[in-house]
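Enquirer: Sharing a structure, written as structure tokens. Questions coming.
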Amino acid sequence: MADRRRLTILGSTGSVGASTLDVVARHPGKFEVAALTARHRAAALFDQCLKFRPEIAVVLDPDAAQDLRQRLRQAGAACEVRCGMEALEQVAGMPGVDTVMAAIVGIAGLRPTLAAARAGKNILLANKESLVTAGAVLMDAVRASGATLLPIDSEHNAIFQALPRGYAGNAGMAGVRRILLTASGGPFRATPLHQLEEVTPDQACAHPNWVMGRKISVDSATMMNKGLEVIEAHWLFNVRPDQIEVVIHPESVIHSLVEYIDGSMIAQLGNPDMRTPIAHALGFPERIAAGVEFLDLTRVRSLHFERPDRQRFPCLRLAYEALAAGGTAPAALNAANEVAVASFLSGGLGFRQIPALIEAALADHVRAPVTSLDDVLAADHSARASADRWLGAREPAGKGQALRQQAARS
Ligand code: NAD
Ligand code: MG
């Protein structure tokens, strides 16, 4: 058998992680799983370990690690269980692993992704927050070690496919005029604005086209997800903010486009299923089957496009502003957003207060240049502290909040 690619999958129990294993399972001759990781869902990780037989499993939480260790021993599986952030960094950078799927959610994914970059791995990047918060540091590490970054975010994967092969970050030389990021507009694209006050976490997570983890689902509903993707595109493709345009496309069939100076637009289309970008990056430069349903254009019939409504989606403006401000501003934006989304998901914050909290934290933030990981982590820490202060200083829960808490409990 030809050499199989050895993979570490960071965040294997999540939505992207599970889709990655689904594709991997279709190609037993091509891939071998070296390590799987999760935060605390030991039961899901246990099942994955039995099926994919990794050498190492990592759980962030020590109790969950102990539980997993015992269960694997009882099942007779020879899998070493480690725990903690250092262990995540080790399996991301360990010798013998070629490819690392970075699919942890949030800035929690930054250190392991950076470890993979420093070790020169082939990185399949789903964890957009690591580029948003530490774009300069991560891109420098990739260049210094000779690592490669293949985008998993469906829009960025589409752009990667629509750019010339071997594109090296020079948009002018490649004749690229603009990048168009498509956005579905999420579940509240047409909801009357006054009703947004009372929407529940479950409503926000009911995305019309994609099934995803809860954090990115809320980000899609506020369109902060697209804002983070604008910043991600800036770092990945070395394009200026004014060259990145967001277009609402409710069908999620065109995953993004590149516009060239001769008037050509090159798009990538497909059913909204993350296994397509995952298979593209796993197999690259070859094409491999993904198990997705093929797109029938005669059933799609028509595609729609509109400009995003800035009043409905203030998070998009906040992200462009943070990108323009530069330095630690995107890290502060991300931190405040993570606090706001967690608070919304637990019933503590109204949907429309998410941008209000982020704007307040950004106003508080003292921007600094980013030259190291420590600069990023310091900005993350201080923005979280100011977001927490904002949450603590609000008026006592009113009727809307009581309703939301009820919804969150039910
Ligand atoms: P998810 O919540 O479904 O899964 C997250 C994974 O990360 C889980 O395995 C979880 O155990 C692990 N994790 C969470 N917190 C952790 C922590 N503090 N330390 C270590 N591990 C932790 O998330 P998802 O939807 O799969 O998204 C993962 C990443 O991919 C995000 O950055 C998201 O923006 C990006 N992404 C997701 C999709 C999608 O379709 N789900 C699409 C594009 C990009
Ligand atoms: Mg996306």
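The values are calculated or read from the model by the stated rules, or taken from the named source; none is laboratory data. As the structure is a prediction and not an experimental result, all values here were calculated from the model. For neighbour counting, all protein chains shown are included, and Cβ atoms are generated from backbone atoms with ideal geometry for every residue, glycine included.
Enquirer: If Leu303 satisfies all but one of (1) closer than 19 Å to Ile216 by Cα; (2) aliphatic (A, V, I, L, M); (3) more than 18 Å from the chain's Cα centre (by Cα), what's the number of the condition it fails?
Expert: With respect to (1) closer than 19 Å to Ile216 by Cα; (2) aliphatic (A, V, I, L, M); (3) more than 18 Å from the chain's Cα centre (by Cα), Leu303 is out only on (1).
Enquirer: Scanning segment 155-172 for residues that are at pLDDT 95 or above and hydrophobic (A, V, I, L, M, F, W, C), which turns out farthest from ligand 2 (Cβ to nearest atom)?
Expert: Taking the candidates together, the pick is Ala171.
Enquirer: Which one is surrounded by the fewest Cβ atoms within 10 Å (Cβ to Cβ), of the residues in segment 110-149 that are among the small types (Gly, Ala, Ser) and in contact with a Gly (Cβ under 7 Å, 6 or more places away or on another chain)?
Expert: Taking segment 110-149 and keeping what is among the small types (Gly, Ala, Ser), we get 115-117, 119-120, 126, 130, 134-136, 141, 144-147.
Restricting the remaining residues to those that are in contact with a Gly (Cβ under 7 Å, 6 or more places away or on another chain) gives 115-116, 119-120, 130, 145-147.
Numbers: Ala115: 22, Ala116: 33, Ala119: 19, Gly120: 16, Ser130: 30, Ser145: 15, Gly146: 8, Ala147: 18.
This residue is Gly146.
Enquirer: OK, next. Checking the condition surrounded by 18 or more Cβ atoms within 10 Å (Cβ to Cβ) and assigned by TED's automatic domain parsing to the domain that holds Ala18, which residue from Leu72, Leu60 passes?
Expert: Working: Leu60 fails: surrounded by 18 or more Cβ atoms within 10 Å (Cβ to Cβ).
When all the criteria are applied, what remains is Leu72.
Enquirer: What are the residues in segment 88-104 that are outside any strand (DSSP E or B) and crowded, with 24+ Cβ neighbours inside 10 Å, if any?
Expert: Of the residues in segment 88-104, the ones outside any strand (DSSP E or B) are 88-98, 103-104.
If the condition is that a residue be outside any strand (DSSP E or B) and crowded, with 24+ Cβ neighbours inside 10 Å, then Leu88, Val91, Ala92, Ala103, Ile104 are the ones that fit.
Enquirer: Shifting gears a bit: Checking the structure you have, find out if any residue of segment 118-129 is basic (Lys, Arg), assigned to a loop (DSSP other than H, G, I, E, B) and away from ligand 1 (no atom under 16 Å from the Cβ).
Expert: Let us first name the residues in segment 118-129 that are basic (Lys, Arg), namely 118, 121, 128.
Right, trim to assigned to a loop (DSSP other than H, G, I, E, B) and you get 121.
Now restrict to residues that are away from ligand 1 (no atom under 16 Å from the Cβ): 121.
Scanning segment 118-129 turns up at least one residue that is basic (Lys, Arg), assigned to a loop (DSSP other than H, G, I, E, B) and away from ligand 1 (no atom under 16 Å from the Cβ).
Enquirer: Right, next: Within 16 Å of ligand 2 (Cβ to nearest atom) and of a type in the set (S, T, N, Q) - does that describe any residue in segment 133-153? So that I can check it myself, show each step before the final result.
Expert: Start the filter on segment 133-153 by keeping residues that are within 16 Å of ligand 2 (Cβ to nearest atom), which leaves 149-153.
Of the ones still in play, those that are also of a type in the set (S, T, N, Q) are none.
No, segment 133-153 contains no residue that is within 16 Å of ligand 2 (Cβ to nearest atom) and of a type in the set (S, T, N, Q).
Enquirer: Within the group Ile107, Ile152, which residue is crowded, with 24+ Cβ neighbours inside 10 Å and either modelled with pLDDT under 95 or within 16 Å of ligand 1 (Cβ to nearest atom) (or both)? Reasoning before the result, please.
Expert: On the way: Ile107 fails: crowded, with 24+ Cβ neighbours inside 10 Å.
The conditions single out Ile152.
Enquirer: Right, next: If you go through segment 200-238 one residue at a time, how many are surrounded by fewer than 20 Cβ atoms within 10 Å (Cβ to Cβ) and more than 13 Å from ligand 1 (Cβ to nearest atom)?
Expert: Final tally of qualifying residues: 6.
Enquirer: Given the conditions (1) more than 19 Å from the chain's Cα centre (by Cα); (2) assigned by TED's automatic domain parsing to the domain that holds Pro241, and given that Ala144 satisfies all but one, which numbered condition is not satisfied?
Expert: Only one criterion is unmet by Ala144, namely (2).
Residue-by-condition table, conditions (1) within 17 Å of His255 (Cβ to Cβ); (2) in contact (Cβ under 8 Å) with a residue 40 or more places away in the chain:
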{"site": "Leu269", "(1), (2)": "yes, no"}
{"site": "Pro272", "(1), (2)": "yes, yes"}
{"site": "His280", "(1), (2)": "yes, yes"}
{"site": "Arg287", "(1), (2)": "yes, no"}
{"site": "Arg307", "(1), (2)": "no, yes"}
{"site": "Ala319", "(1), (2)": "no, yes"}
{"site": "Ser343", "(1), (2)": "no, yes"}
{"site": "Leu349", "(1), (2)": "no, yes"}
